[in-house]
Every structure is written in structure tokens, then in C-alpha cells.
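Where a number appears in this text, it was derived from the coordinates with a stated rule and is not lab data. The shown structure was predicted, so the numbers you read here are calculated from the model rather than taken from an experiment. Reconstructed Cβ throughout: ideal geometry from the backbone, glycine too, with neighbour counts over all protein chains shown.
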Amino acid sequence: MKSLKLLLNSLLLSLALIGSALAADEKVNINTADAATLDRVLINVGASKAEAIVAYRKENGAFKSPEQLAQVKGIGLKTVEKNRDRIVVAGSAAAPKAAVKTAVATKPAKR
């Protein structure tokens, strides 16, 4: 009975280590990911910080580098460094709201 328990514990530990290794290989595009994905993939980023990243991106436009994440309230450079191998900066999010409003306001009138 004791050896069966030891075997099961070893199996569970192995599965946990494999899961950790697979999660470390996962990457996330910070310009397109939703809050749930950011929360799941990034280390030390919970639901509220993930929502803050999405809100910042909507307000300011696409991130140009991983370091820009440090401009989001609650995200520091240490968090960026811990996640550097998980972060992808590609593509772009929608234009920030302020830029869209400015573009519409400066559009020339039709004649």
C-alpha cells in the first residue's frame, strides 16, 4: 500500500512539472490577447492587472515593446523581466480613442 501511495505521489509530481514546463513555453501577444489569456500566461499578472493591460492598450494603442507594459499601473519592470520569454509584441491593437476622435475632428469637409 505504501509503495502504491509513493508511486501515485511521484506520478502527480511528474505531471505538475510537465504542466509547468509546457506553460513556460506559452507566449502571449500583448497587443491582441484578451484579459483572460494575459492572466493565464503571464507570471504575477492576475485578473485585475490583465484588465488594466487591456484598458491601457485600448486607451493608448499598441505596445511597441515589452518594457511599455511597465507604464500600466500595477506592472513593474520586474514583472516584465519575469515574463520576457512569454511576451510577444506583434501587430497592433485598435487606434487609441483619442486618436480616432482627433482624426474625425480634422477630416476636411466635403464640397
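Overview of values
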read-out: ³J(HN,Hα) computed for each position of region 68-83 - Karplus, 6.51 cos²θ - 1.76 cosθ + 1.60, integer Hz, glycine/proline x; value: 5, 4, 5, 7, 7, 4, x, 10, x, 4, 5, 5, 4, 5, 5, 10
read-out: Which of 51, 59 has the fewest Cβ neighbours within 10 Å, and the rest in rising order; value: 59, 51
read-out: Long-range amide H partners of residue 63 with built H, under 5 Å; value: 93
read-out: Residue order, fewest to most surrounding Cβ atoms within 10 angstrom, among 43, 87; value: 43, 87
read-out: Label-point gap, in nm, between residue 64 and residue 25 - each point 7 angstrom along Cα→Cβ; value: 3.4 nm
